[in-house]
Amino acid sequence: MDDISDLQARLAAATGALLESNKRAVAGQLALEIMHEVRNPLEALGNLLFLARTDISGSEELRHYMLLAEEQLANLNELVSRTLSFARPSAQPTAMSLVAVLEAALRIHQRAIERKKIHLVRDIAYNLTSDLYAAEMLQVVSNLLMNALHALPDSGVLCLRLRKRRDKIHVVIADNGHGIPWEHRSQIFEPFFTTKKEQGNGLGLSLSKEIVERNRGKISMRSSVRPAKSGTTFRISLPCSVLSS
């Protein structure tokens, strides 16, 4: 009887998770459609700025401001392009900059980082690429960042490290939050296991592990709950692509 109740509970959790996933997929599709729509007025605005800047009747100061506006518009266009490139499904992994994945994930959680006044520490080696399913890896890094932000107190420390060791690239996401109790550490990658009660469905880390392994990598965790030394560190190890140096 207990087994049946447990199975029913897991089925209910899975159903809820699928419904939530569907909601997010719809929201994500809507966001992509908006991104596509934004590109047209961005192009028109860029043309108008160019015409205004080249108008010989304008003052030098006005042309300077127009040039600054064009630079910001170029940045916005780049942001739209990156967002769309991450969202495109790919049949095969492609060589992808791990820095680009980290930066994209940070943009997703920028408001939460600023709201909690998190001290962000970056230790990033550039020019490191791996053959990835980019959208999937973005999902993993974003999930790990979200977990860290949930665990961190206001003004806590979040550390991102990107390094190459031999033929592997290591992505490390560490926080000085409350840590994970010893009795839970062997379960964190199991489906439906969660310590967040009503706030979690227990699928985030399990799915992250599957995605990392699909990308020919490994994910590991270490944590401490000791006073003044608490925190959690996740490390993702991925194979270097030929382009990495």
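The values are calculated or read from the model by the stated rules, or taken from the named source; none is laboratory data. Only a predicted model underlies this, so the values are computations on that prediction, with no experimental measurement involved. Every residue, glycine as well, gets a Cβ built from its backbone with ideal geometry; the counts of neighbours run over all protein chains shown.
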When only residues in the range 160-195 that are without any contact (Cβ under 8 Å) to a residue 40 or more places away in the chain and not in a loop (DSSP other than H, G, I, E, B) count, which is surrounded by the fewest Cβ atoms within 10 Å (Cβ to Cβ)?
183
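Please state which one of 168, 164, 116 is farther than 24 Å from residue 213 by Cβ and out of contact with any His (no Cβ under 7 Å at 6 or more places or on another chain).
Values: 168 fails: farther than 24 Å from residue 213 by Cβ; 164 fails: farther than 24 Å from residue 213 by Cβ.
On inspection, the qualifying residue turns out to be 116.
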Within the range 95-110, residues in contact (Cβ under 8 Å) with a residue 40 or more places away in the chain and in contact with a Lys or Arg (Cβ under 8 Å, 6 or more places away or on another chain) come out as none
Identify all residues within the range 123-151 that are among the hydrophobic types (A, V, I, L, M, F, W, C) and within 16 Å of residue 170 (Cβ to Cβ); write none if there are none.
124, 125, 128, 132, 137, 140, 141, 144
Within the range 83-94, is there a residue that is at pLDDT 70 or above and polar (S, T, N, Q)?
yes
Take residue 131 and decide whether it is touching a residue at least 24 places away in the same chain (Cβ under 8 Å) and either crowded, with 18+ Cβ neighbours inside 10 Å or under 24 Å from residue 189 (Cβ atoms) (or both).
yes
